[in-house]
Amino acid sequence: MSLRFYDTKTASVRDFQPLNDGEVKLYYCGATVQGMPHVGHVRSAIVFDVLVRWLEYRGFAVTTVRNVTDIDDKILEKSAKSFAEDFQADEYYQPREEWFALAYRFEQEFARAYQALGVRRPTYEPRATGHITEMHELIATLIERGHAYPATDDSGDVYFNVRSFAPYGALTRQNINDMQGATDADPRGKKDARDFALWKGHKESDPATASWPSPWGRGRPGWHLECSAMAGKYLGTEFDIHGGGLDLRFPHHENEMAQSNAAGHGFANFWMHNGMVTYEGEKMSKSIGNTISPEEMLALADARVVRYFLGQAQYRSMLDYRPDSLAEARAAVERIDTFISNAQYRLGAGADSIQATQVPTAFGAAMDDDLNVPMALAALHEAVRQGNASLEAHDNAATEQALGQVLAMTQVLGLDDAGNTKNSQASAEHEALDQLIQSQLAERAQARAAKDWSRSDAIRDALASAGIIVADSADGARWTLDN
(Lines give C-alpha, C1' and ligand atoms only; values in the text may rest on other atoms or scores of the structure.)
Protein backbone atom coordinates (compact mmCIF):
# COMPACT_ATOMS: atom_id res chain seq x y z
CA MET A 1 0.00 0.00 0.00
CA SER A 2 1.23 3.51 -0.79
CA LEU A 3 1.23 6.21 1.86
CA ARG A 4 -2.17 7.82 2.28
CA PHE A 5 -3.11 10.76 4.50
CA TYR A 6 -6.30 12.63 5.21
CA ASP A 7 -6.16 16.13 3.71
CA THR A 8 -8.35 18.64 5.55
CA LYS A 9 -8.67 20.88 2.49
CA THR A 10 -10.17 18.17 0.27
CA ALA A 11 -11.82 16.34 3.20
CA SER A 12 -10.50 13.06 1.83
CA VAL A 13 -7.75 10.51 2.25
CA ARG A 14 -5.33 10.99 -0.62
CA ASP A 15 -2.25 9.20 -1.87
CA PHE A 16 0.82 11.00 -0.59
CA GLN A 17 3.42 11.92 -3.17
CA PRO A 18 6.06 14.41 -2.02
CA LEU A 19 6.82 17.40 -4.19
CA ASN A 20 10.43 16.20 -4.48
CA ASP A 21 11.22 12.49 -4.66
CA GLY A 22 12.69 11.13 -1.46
CA GLU A 23 12.20 14.35 0.47
CA VAL A 24 9.35 15.58 2.70
CA LYS A 25 8.98 19.11 4.05
CA LEU A 26 6.71 19.44 7.08
CA TYR A 27 5.59 22.48 9.07
CA TYR A 28 3.48 22.13 12.17
CA CYS A 29 2.32 24.80 14.57
CA GLY A 30 4.15 24.95 17.86
CA ALA A 31 3.33 26.82 21.02
CA THR A 32 2.36 30.34 21.88
CA VAL A 33 4.56 30.48 24.96
CA GLN A 34 2.25 32.33 27.34
CA GLY A 35 2.06 29.59 29.99
CA MET A 36 2.77 25.97 30.81
CA PRO A 37 2.23 23.30 28.14
CA HIS A 38 -1.23 21.79 28.12
CA VAL A 39 -2.18 18.30 27.08
CA GLY A 40 -3.34 19.42 23.62
CA HIS A 41 0.09 20.86 22.85
CA VAL A 42 1.90 17.66 23.66
CA ARG A 43 -0.60 15.40 21.91
CA SER A 44 -0.11 17.40 18.72
CA ALA A 45 3.67 17.26 19.07
CA ILE A 46 3.56 13.49 19.59
CA VAL A 47 1.30 13.01 16.54
CA PHE A 48 3.69 14.84 14.22
CA ASP A 49 6.73 13.26 15.84
CA VAL A 50 5.26 9.84 14.95
CA LEU A 51 4.55 11.09 11.43
CA VAL A 52 8.17 12.16 11.00
CA ARG A 53 9.46 8.87 12.39
CA TRP A 54 7.25 6.90 10.00
CA LEU A 55 8.24 8.97 6.98
CA GLU A 56 11.88 8.40 7.86
CA TYR A 57 11.27 4.68 8.32
CA ARG A 58 9.80 4.66 4.80
CA GLY A 59 13.04 6.16 3.54
CA PHE A 60 12.27 9.87 3.22
CA ALA A 61 14.60 12.66 4.27
CA VAL A 62 12.35 14.87 6.37
CA THR A 63 12.79 18.57 7.09
CA THR A 64 10.59 19.61 10.01
CA VAL A 65 9.74 23.12 11.18
CA ARG A 66 7.89 23.81 14.43
CA ASN A 67 7.51 27.49 15.27
CA VAL A 68 7.55 29.31 18.60
CA THR A 69 5.13 32.24 18.89
CA ASP A 70 6.99 34.44 21.36
CA ILE A 71 5.09 37.68 20.80
CA ASP A 72 1.33 37.74 21.27
CA ASP A 73 -1.49 39.67 22.97
CA LYS A 74 -1.73 37.17 25.82
CA ILE A 75 2.01 37.18 26.46
CA LEU A 76 1.90 40.96 26.77
CA GLU A 77 -1.20 40.85 28.98
CA LYS A 78 0.33 38.36 31.41
CA SER A 79 3.56 40.31 31.57
CA ALA A 80 1.66 43.54 32.24
CA LYS A 81 -0.31 41.90 35.06
CA SER A 82 2.94 40.82 36.71
CA PHE A 83 3.80 44.51 37.24
CA ALA A 84 0.49 45.31 38.98
CA GLU A 85 0.65 46.13 42.69
CA ASP A 86 -1.92 43.46 43.56
CA PHE A 87 -0.20 40.76 41.48
CA GLN A 88 -0.19 37.39 43.22
CA ALA A 89 2.81 35.29 42.22
CA ASP A 90 2.47 31.51 42.08
CA GLU A 91 4.62 28.57 40.98
CA TYR A 92 4.26 29.56 37.34
CA TYR A 93 4.02 33.35 37.22
CA GLN A 94 6.65 35.66 38.62
CA PRO A 95 6.38 39.34 39.63
CA ARG A 96 7.62 42.09 37.33
CA GLU A 97 8.53 39.79 34.48
CA GLU A 98 9.18 41.36 31.08
CA TRP A 99 7.22 39.81 28.22
CA PHE A 100 10.33 38.38 26.52
CA ALA A 101 11.52 36.82 29.79
CA LEU A 102 8.11 35.25 30.38
CA ALA A 103 8.02 33.91 26.82
CA TYR A 104 11.51 32.46 27.03
CA ARG A 105 10.88 30.83 30.41
CA PHE A 106 7.78 29.04 29.16
CA GLU A 107 9.53 28.11 25.91
CA GLN A 108 11.96 26.14 28.06
CA GLU A 109 9.05 24.44 29.84
CA PHE A 110 7.74 23.28 26.47
CA ALA A 111 11.21 22.03 25.54
CA ARG A 112 11.39 20.02 28.76
CA ALA A 113 7.94 18.49 28.21
CA TYR A 114 8.77 17.56 24.61
CA GLN A 115 12.06 15.97 25.63
CA ALA A 116 10.55 14.05 28.54
CA LEU A 117 7.93 12.56 26.20
CA GLY A 118 10.40 11.62 23.49
CA VAL A 119 9.41 14.29 20.96
CA ARG A 120 12.52 14.83 18.90
CA ARG A 121 13.70 18.32 18.12
CA PRO A 122 12.60 19.61 14.70
CA THR A 123 15.10 20.51 12.03
CA TYR A 124 14.32 24.17 12.70
CA GLU A 125 12.43 25.79 15.56
CA PRO A 126 12.20 29.49 14.65
CA ARG A 127 10.85 32.21 16.90
CA ALA A 128 8.45 34.77 15.50
CA THR A 129 10.49 37.67 16.84
CA GLY A 130 13.48 36.54 14.78
CA HIS A 131 11.65 36.85 11.45
CA ILE A 132 10.27 40.39 11.31
CA THR A 133 12.09 41.13 8.04
CA GLU A 134 10.47 38.17 6.28
CA MET A 135 7.08 39.28 7.56
CA HIS A 136 7.59 42.79 6.21
CA GLU A 137 8.46 41.35 2.81
CA LEU A 138 5.32 39.22 2.78
CA ILE A 139 3.11 42.17 3.76
CA ALA A 140 4.65 44.33 1.03
CA THR A 141 3.95 41.62 -1.54
CA LEU A 142 0.31 41.36 -0.44
CA ILE A 143 -0.17 45.14 -0.63
CA GLU A 144 1.44 45.23 -4.07
CA ARG A 145 -0.88 42.45 -5.29
CA GLY A 146 -3.96 44.22 -3.96
CA HIS A 147 -4.71 41.81 -1.10
CA ALA A 148 -3.70 43.96 1.87
CA TYR A 149 -3.98 47.59 2.93
CA PRO A 150 -2.83 49.93 5.70
CA ALA A 151 -5.63 50.86 8.08
CA THR A 152 -7.75 53.84 7.11
CA ASP A 153 -7.06 55.44 10.50
CA ASP A 154 -3.65 56.30 11.96
CA SER A 155 -3.30 53.11 14.01
CA GLY A 156 -0.45 51.69 11.93
CA ASP A 157 -2.35 48.42 11.45
CA VAL A 158 -2.18 46.54 8.15
CA TYR A 159 -5.01 44.18 7.18
CA PHE A 160 -5.54 41.33 4.76
CA ASN A 161 -8.52 42.06 2.52
CA VAL A 162 -10.47 38.80 2.58
CA ARG A 163 -12.89 39.85 -0.17
CA SER A 164 -9.97 40.46 -2.53
CA PHE A 165 -9.19 36.75 -2.49
CA ALA A 166 -12.02 34.68 -3.97
CA PRO A 167 -10.94 31.29 -2.54
CA TYR A 168 -11.02 32.60 1.06
CA GLY A 169 -12.75 29.96 3.18
CA ALA A 170 -11.62 27.02 1.01
CA LEU A 171 -9.75 25.19 3.78
CA THR A 172 -12.76 24.98 6.07
CA ARG A 173 -15.33 25.10 3.25
CA GLN A 174 -17.08 28.21 4.56
CA ASN A 175 -18.90 30.98 2.75
CA ILE A 176 -17.34 34.32 3.58
CA ASN A 177 -20.75 35.86 4.21
CA ASP A 178 -21.41 33.34 6.99
CA MET A 179 -18.17 34.10 8.84
CA GLN A 180 -17.92 36.25 11.92
CA GLY A 181 -15.65 39.28 11.98
CA ALA A 182 -12.04 38.81 13.05
CA THR A 183 -11.29 39.66 16.67
CA ASP A 184 -7.50 39.96 16.54
CA ALA A 185 -7.30 43.73 16.02
CA ASP A 186 -9.19 46.96 16.56
CA PRO A 187 -12.12 47.01 14.09
CA ARG A 188 -11.50 50.68 13.30
CA GLY A 189 -9.64 51.14 10.06
CA LYS A 190 -10.93 47.92 8.52
CA LYS A 191 -12.74 47.76 5.22
CA ASP A 192 -14.53 44.59 6.29
CA ALA A 193 -15.06 43.19 9.79
CA ARG A 194 -13.67 39.86 8.55
CA ASP A 195 -10.33 41.33 7.49
CA PHE A 196 -7.53 40.18 9.76
CA ALA A 197 -4.40 41.92 10.99
CA LEU A 198 -1.07 41.33 9.30
CA TRP A 199 0.67 44.06 11.30
CA LYS A 200 -0.49 45.62 14.56
CA GLY A 201 0.42 49.24 15.15
CA HIS A 202 2.11 50.00 18.47
CA LYS A 203 -0.19 51.01 21.32
CA GLU A 204 0.87 53.27 24.16
CA SER A 205 -0.23 50.58 26.62
CA ASP A 206 2.30 48.12 25.18
CA PRO A 207 6.00 48.19 26.10
CA ALA A 208 8.28 49.79 23.54
CA THR A 209 10.30 46.57 23.41
CA ALA A 210 7.28 44.81 21.92
CA SER A 211 7.41 46.77 18.68
CA TRP A 212 9.63 46.99 15.61
CA PRO A 213 9.98 49.66 12.94
CA SER A 214 8.16 49.01 9.67
CA PRO A 215 7.12 50.91 6.54
CA TRP A 216 3.71 51.30 8.21
CA GLY A 217 4.96 52.49 11.57
CA ARG A 218 6.20 50.76 14.71
CA GLY A 219 4.31 47.65 15.62
CA ARG A 220 4.35 43.89 15.83
CA PRO A 221 3.21 41.01 13.63
CA GLY A 222 -0.25 39.50 13.51
CA TRP A 223 -0.47 35.89 14.65
CA HIS A 224 -1.37 34.38 11.27
CA LEU A 225 1.38 36.18 9.39
CA GLU A 226 4.14 34.63 11.48
CA CYS A 227 3.68 31.06 10.29
CA SER A 228 3.46 31.96 6.61
CA ALA A 229 6.70 33.93 6.79
CA MET A 230 8.62 31.27 8.71
CA ALA A 231 7.34 28.37 6.61
CA GLY A 232 8.38 30.23 3.49
CA LYS A 233 11.88 30.91 4.76
CA TYR A 234 12.72 27.38 5.85
CA LEU A 235 10.65 25.24 3.47
CA GLY A 236 10.12 27.43 0.42
CA THR A 237 6.96 28.81 -1.08
CA GLU A 238 5.49 25.32 -1.55
CA PHE A 239 5.95 22.33 0.73
CA ASP A 240 4.38 18.97 1.47
CA ILE A 241 2.49 19.01 4.78
CA HIS A 242 1.17 21.62 7.20
CA GLY A 243 -0.04 20.26 10.53
CA GLY A 244 -1.56 21.38 13.79
CA GLY A 245 -4.41 20.90 16.20
CA LEU A 246 -8.00 20.74 14.99
CA ASP A 247 -8.76 24.01 16.81
CA LEU A 248 -6.34 25.86 14.50
CA ARG A 249 -8.21 25.19 11.27
CA PHE A 250 -10.15 28.45 11.57
CA PRO A 251 -9.20 31.18 11.62
CA HIS A 252 -5.47 30.50 11.94
CA HIS A 253 -4.82 28.01 9.17
CA GLU A 254 -7.52 29.44 6.93
CA ASN A 255 -5.80 32.82 7.15
CA GLU A 256 -2.34 31.34 6.71
CA MET A 257 -3.40 29.61 3.53
CA ALA A 258 -5.19 32.68 2.18
CA GLN A 259 -2.34 35.14 2.70
CA SER A 260 0.26 32.71 1.35
CA ASN A 261 -1.77 31.76 -1.72
CA ALA A 262 -2.63 35.42 -2.33
CA ALA A 263 1.08 36.22 -2.32
CA GLY A 264 1.54 33.68 -5.10
CA HIS A 265 2.83 30.82 -2.96
CA GLY A 266 1.58 27.27 -3.42
CA PHE A 267 2.06 26.74 0.34
CA ALA A 268 0.97 23.36 1.79
CA ASN A 269 0.07 20.38 -0.41
CA PHE A 270 -1.54 18.51 2.52
CA TRP A 271 -3.22 19.86 5.65
CA MET A 272 -3.23 17.42 8.57
CA HIS A 273 -5.02 18.14 11.86
CA ASN A 274 -5.04 16.14 15.09
CA GLY A 275 -8.07 15.83 17.35
CA MET A 276 -8.46 17.29 20.82
CA VAL A 277 -8.14 15.66 24.24
CA THR A 278 -11.31 15.42 26.34
CA TYR A 279 -11.91 14.50 29.98
CA GLU A 280 -14.47 11.72 30.39
CA GLY A 281 -16.18 12.82 27.21
CA GLU A 282 -16.27 16.53 28.04
CA LYS A 283 -14.15 19.40 26.81
CA MET A 284 -11.42 20.20 29.32
CA SER A 285 -12.03 23.46 31.16
CA LYS A 286 -10.24 25.03 34.10
CA SER A 287 -13.47 26.73 35.13
CA ILE A 288 -15.19 23.40 35.83
CA GLY A 289 -12.02 21.69 37.06
CA ASN A 290 -11.87 18.77 34.63
CA THR A 291 -8.35 19.28 33.33
CA ILE A 292 -5.15 17.31 33.55
CA SER A 293 -1.82 18.69 32.40
CA PRO A 294 1.22 16.88 31.02
CA GLU A 295 2.99 17.82 34.23
CA GLU A 296 0.28 16.10 36.28
CA MET A 297 0.36 13.04 34.03
CA LEU A 298 4.13 12.75 34.42
CA ALA A 299 3.69 12.88 38.18
CA LEU A 300 1.28 9.93 37.94
CA ALA A 301 3.11 7.73 35.47
CA ASP A 302 6.40 7.06 33.71
CA ALA A 303 7.01 9.23 30.63
CA ARG A 304 6.76 6.19 28.35
CA VAL A 305 3.32 5.43 29.76
CA VAL A 306 2.19 9.02 29.18
CA ARG A 307 3.60 8.91 25.64
CA TYR A 308 1.75 5.64 24.97
CA PHE A 309 -1.54 7.10 26.22
CA LEU A 310 -1.26 10.37 24.27
CA GLY A 311 -0.17 8.60 21.09
CA GLN A 312 -2.47 5.58 21.09
CA ALA A 313 -5.56 6.98 19.30
CA GLN A 314 -5.95 7.60 15.59
CA TYR A 315 -4.59 11.13 15.30
CA ARG A 316 -7.74 12.67 13.82
CA SER A 317 -10.01 11.33 16.56
CA MET A 318 -10.69 12.74 19.98
CA LEU A 319 -8.59 11.23 22.75
CA ASP A 320 -10.58 10.82 25.96
CA TYR A 321 -8.82 10.87 29.31
CA ARG A 322 -10.32 8.98 32.24
CA PRO A 323 -8.89 8.45 35.73
CA ASP A 324 -7.93 4.88 34.80
CA SER A 325 -6.40 5.77 31.42
CA LEU A 326 -2.81 5.83 32.61
CA ALA A 327 -3.24 2.52 34.45
CA GLU A 328 -4.40 0.90 31.19
CA ALA A 329 -1.48 2.46 29.31
CA ARG A 330 0.93 1.31 32.02
CA ALA A 331 -0.30 -2.28 31.71
CA ALA A 332 0.20 -2.16 27.93
CA VAL A 333 3.72 -0.76 28.24
CA GLU A 334 4.60 -3.33 30.90
CA ARG A 335 3.53 -6.17 28.58
CA ILE A 336 5.88 -4.83 25.93
CA ASP A 337 8.73 -4.25 28.35
CA THR A 338 8.34 -7.63 30.02
CA PHE A 339 8.69 -9.39 26.69
CA ILE A 340 11.73 -7.32 25.71
CA SER A 341 13.37 -8.00 29.07
CA ASN A 342 12.58 -11.74 29.01
CA ALA A 343 13.72 -12.08 25.41
CA GLN A 344 17.01 -10.33 26.09
CA TYR A 345 17.56 -12.50 29.15
CA ARG A 346 16.84 -15.69 27.19
CA LEU A 347 19.07 -14.71 24.30
CA GLY A 348 21.96 -14.06 26.65
CA ALA A 349 25.03 -11.90 26.38
CA GLY A 350 24.56 -10.98 22.74
CA ALA A 351 20.97 -9.80 23.17
CA ASP A 352 21.92 -6.18 23.75
CA SER A 353 23.37 -6.07 20.24
CA ILE A 354 20.13 -7.19 18.61
CA GLN A 355 18.91 -4.29 16.51
CA ALA A 356 15.46 -3.24 15.41
CA THR A 357 14.56 -5.01 12.19
CA GLN A 358 11.67 -4.51 9.80
CA VAL A 359 8.22 -3.88 11.22
CA PRO A 360 5.59 -6.56 10.53
CA THR A 361 3.50 -6.19 7.40
CA ALA A 362 0.35 -5.46 9.40
CA PHE A 363 2.08 -2.62 11.28
CA GLY A 364 3.38 -1.08 8.07
CA ALA A 365 -0.02 -1.30 6.35
CA ALA A 366 -1.68 0.40 9.33
CA MET A 367 0.81 3.25 9.45
CA ASP A 368 0.68 3.76 5.68
CA ASP A 369 -3.10 4.10 5.97
CA ASP A 370 -3.31 7.61 7.45
CA LEU A 371 -1.19 6.75 10.51
CA ASN A 372 -3.66 4.22 11.91
CA VAL A 373 -1.86 3.88 15.24
CA PRO A 374 -4.57 1.76 16.93
CA MET A 375 -4.15 -0.93 14.27
CA ALA A 376 -0.37 -0.54 14.47
CA LEU A 377 -0.52 -1.09 18.23
CA ALA A 378 -2.59 -4.20 17.64
CA ALA A 379 0.23 -5.49 15.43
CA LEU A 380 2.78 -4.58 18.12
CA HIS A 381 0.91 -6.49 20.82
CA GLU A 382 0.41 -9.45 18.48
CA ALA A 383 4.19 -9.56 17.96
CA VAL A 384 4.62 -9.49 21.75
CA ARG A 385 2.13 -12.38 22.07
CA GLN A 386 3.98 -14.41 19.45
CA GLY A 387 7.28 -13.54 21.11
CA ASN A 388 6.02 -14.80 24.45
CA ALA A 389 4.88 -18.02 22.75
CA SER A 390 8.36 -18.47 21.28
CA LEU A 391 9.85 -17.98 24.76
CA GLU A 392 7.63 -20.73 26.15
CA ALA A 393 8.63 -22.99 23.25
CA HIS A 394 12.34 -22.21 23.79
CA ASP A 395 12.52 -21.17 20.11
CA ASN A 396 15.39 -18.70 20.23
CA ALA A 397 15.29 -17.93 16.50
CA ALA A 398 11.63 -16.94 16.67
CA THR A 399 12.26 -14.99 19.88
CA GLU A 400 15.06 -13.02 18.24
CA GLN A 401 12.85 -12.27 15.22
CA ALA A 402 10.00 -11.06 17.43
CA LEU A 403 12.36 -8.96 19.53
CA GLY A 404 13.76 -7.21 16.45
CA GLN A 405 10.26 -6.43 15.21
CA VAL A 406 9.08 -5.15 18.59
CA LEU A 407 12.12 -2.89 18.89
CA ALA A 408 11.44 -1.52 15.40
CA MET A 409 7.82 -0.72 16.25
CA THR A 410 8.61 0.92 19.58
CA GLN A 411 11.17 3.12 17.82
CA VAL A 412 8.62 4.25 15.24
CA LEU A 413 6.14 5.06 18.01
CA GLY A 414 8.79 6.93 20.01
CA LEU A 415 8.47 4.74 23.08
CA ASP A 416 12.22 4.22 23.17
CA ASP A 417 12.93 7.94 23.51
CA ALA A 418 10.32 8.94 26.08
CA GLY A 419 11.88 9.69 29.44
CA ASN A 420 15.35 10.05 27.93
CA THR A 421 16.14 13.06 30.11
CA LYS A 422 16.80 10.49 32.83
CA ASN A 423 17.83 7.46 30.81
CA SER A 424 21.62 7.67 31.17
CA GLN A 425 21.45 8.15 34.94
CA ALA A 426 18.73 5.55 35.30
CA SER A 427 20.74 3.07 33.24
CA ALA A 428 23.80 3.49 35.46
CA GLU A 429 21.71 3.18 38.61
CA HIS A 430 19.96 0.08 37.24
CA GLU A 431 23.29 -1.57 36.38
CA ALA A 432 24.68 -0.94 39.88
CA LEU A 433 21.47 -2.22 41.49
CA ASP A 434 21.45 -5.27 39.22
CA GLN A 435 24.98 -6.23 40.30
CA LEU A 436 23.97 -6.09 43.97
CA ILE A 437 20.78 -8.05 43.43
CA GLN A 438 22.44 -10.65 41.22
CA SER A 439 24.85 -11.47 44.05
CA GLN A 440 21.83 -12.04 46.32
CA LEU A 441 20.13 -14.19 43.69
CA ALA A 442 23.30 -16.26 43.26
CA GLU A 443 23.40 -16.88 47.01
CA ARG A 444 19.72 -17.80 46.92
CA ALA A 445 20.33 -20.23 44.04
CA GLN A 446 23.02 -21.93 46.11
CA ALA A 447 20.64 -22.19 49.06
CA ARG A 448 17.95 -23.73 46.84
CA ALA A 449 20.44 -26.21 45.40
CA ALA A 450 21.33 -27.20 48.95
CA LYS A 451 17.61 -27.38 49.80
CA ASP A 452 18.12 -24.69 52.42
CA TRP A 453 14.61 -23.35 51.94
CA SER A 454 14.63 -21.09 54.98
CA ARG A 455 17.73 -19.26 53.71
CA SER A 456 16.25 -19.06 50.21
CA ASP A 457 12.99 -17.59 51.53
CA ALA A 458 14.84 -15.15 53.79
CA ILE A 459 16.76 -13.72 50.83
CA ARG A 460 13.57 -13.45 48.76
CA ASP A 461 11.72 -11.75 51.63
CA ALA A 462 14.57 -9.31 52.26
CA LEU A 463 14.50 -8.29 48.62
CA ALA A 464 10.71 -7.99 48.70
CA SER A 465 10.87 -5.68 51.70
CA ALA A 466 13.09 -3.41 49.59
CA GLY A 467 10.51 -3.39 46.79
CA ILE A 468 12.23 -6.01 44.63
CA ILE A 469 10.10 -8.86 43.32
CA VAL A 470 11.80 -12.17 42.48
CA ALA A 471 10.22 -14.47 39.90
CA ASP A 472 11.49 -18.01 39.38
CA SER A 473 11.39 -19.69 35.98
CA ALA A 474 13.03 -22.54 34.10
CA ASP A 475 15.66 -20.04 32.96
CA GLY A 476 16.49 -18.95 36.50
CA ALA A 477 15.37 -16.14 38.81
CA ARG A 478 14.54 -12.68 37.49
CA TRP A 479 13.91 -9.50 39.45
CA THR A 480 11.70 -6.48 38.89
CA LEU A 481 10.87 -3.40 40.95
CA ASP A 482 7.45 -3.42 42.60
CA ASN A 483 5.67 -0.43 41.07
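The values are calculated or read from the model by the stated rules, or taken from the named source; none is laboratory data. No experiment lies behind these values; they were computed from the predicted model shown. When we count neighbours, we look across all protein chains shown, and the Cβ atoms used for this are built from the backbone with ideal geometry, even at glycine.
Within this structure, residue 386 fails the test of being polar (S, T, N, Q) and either under 19 Å from residue 314 (Cβ atoms) or at pLDDT below 95 (or both). Every listed requirement among (1) at pLDDT 95 or above; (2) in a loop (DSSP other than H, G, I, E, B) is met by residue 377 save one, (2). Looking across segment 251-274, the residues that are of a type in the set (S, T, N, Q), closer than 16 Å to residue 164 by Cα and in contact with a Leu (Cβ under 9 Å, 6 or more places away or on another chain) come down to 255, 259, 260. One residue stands out among those in segment 58-116 that are touching a strand residue (DSSP E or B) at 6+ places or on another chain (Cβ under 6 Å) and among the aliphatic types (A, V, I, L, M): the one that is surrounded by the most Cβ atoms within 10 Å (Cβ to Cβ), which is 71.
For the residues 365, 331, 356, the requirement of being farther than 30 Å from residue 289 by Cβ and either in contact (Cβ under 8 Å) with a residue 60 or more places away in the chain or in a helix (DSSP H, G or I) (or both) singles out 365. Taking segment 233-244 as the range and being among the small types (Gly, Ala, Ser) and buried (at least 24 other Cβ atoms within 10 Å of the Cβ) as the test, the residues that pass are 243, 244.
Among the residues of segment 309-349, those identified as modelled with pLDDT of 95 or more and among the small types (Gly, Ala, Ser) are 311, 313, 317, 325, 327, 329, 331, 332. The residues in segment 290-321 that are without any contact (Cβ under 8 Å) to a residue 12 or more places away in the chain and in contact with a helix residue (DSSP H, G or I) (Cβ under 7 Å, 6 or more places away or on another chain) can be counted, and the count is 0. I need a count of the residues in segment 233-289 that are in a loop (DSSP other than H, G, I, E, B), touching a residue at least 40 places away in the same chain (Cβ under 8 Å) and within 17 Å of residue 26 (Cα to Cα). The number of residues fulfilling the criteria is 1.
Which count do you get for residues in segment 194-232 that are in a strand (DSSP E or B) and either buried (at least 21 other Cβ atoms within 10 Å of the Cβ) or outside the structural domain of residue 126 (by TED's automatic domain parsing) (or both)? Matching residues across segment 194-232 total 9.
Just to be sure I understand, how many residues within segment 9-28 are surrounded by fewer than 22 Cβ atoms within 10 Å (Cβ to Cβ), touching a residue at least 24 places away in the same chain (Cβ under 8 Å) and within 16 Å of residue 273 (Cβ to Cβ)? The qualifying residues number 5. Would you call residue 133 outside the structural domain of residue 307 (by TED's automatic domain parsing), surrounded by fewer than 22 Cβ atoms within 10 Å (Cβ to Cβ), under 30 Å from residue 264 (Cα atoms) and in contact with a Ser or Thr (Cβ under 7 Å, 6 or more places away or on another chain)? When the stated conditions are applied, residue 133 does not pass them. Criterion applied to 108, 94, 115, 88 was being within 26 Å of the chain's Cα centre (by Cα) and over 24 Å from residue 222 (Cα atoms), and the one residue passing it is 115.
Within segment 273-293, is there a residue that is closer than 28 Å to residue 124 by Cβ, under 20 Å from the mean Cα position of the chain (by Cα) and aliphatic (A, V, I, L, M)? Checked segment 273-293: at least one residue is closer than 28 Å to residue 124 by Cβ, under 20 Å from the mean Cα position of the chain (by Cα) and aliphatic (A, V, I, L, M). If you go through segment 447-463 and pick out every residue that is surrounded by 13 or more Cβ atoms within 10 Å (Cβ to Cβ) and either in a strand (DSSP E or B) or not acidic (Asp, Glu) (or both), you end up with 8. Contact map, segment 83-108: residues that are at pLDDT 95 or above paired with residues that are aliphatic (A, V, I, L, M) and surrounded by 14 or more Cβ atoms within 10 Å (Cβ to Cβ), Cβ distance under 6 Å, separation 6+ or inter-chain. Pairs shown: 99/75; 99/76; 99/210; 103/33; 103/75; 106/33; 107/33; 107/68.
Looking at segment 174-185, is at least one residue more than 19 Å from residue 218 (Cβ to Cβ), surrounded by 15 or more Cβ atoms within 10 Å (Cβ to Cβ) and of a type in the set (Asp, Glu)? There is no residue in segment 174-185 that is more than 19 Å from residue 218 (Cβ to Cβ), surrounded by 15 or more Cβ atoms within 10 Å (Cβ to Cβ) and of a type in the set (Asp, Glu).
In the set (1) surrounded by 15 or more Cβ atoms within 10 Å (Cβ to Cβ); (2) part of a helix (DSSP H, G or I), residue 169 fails one condition alone, (2).
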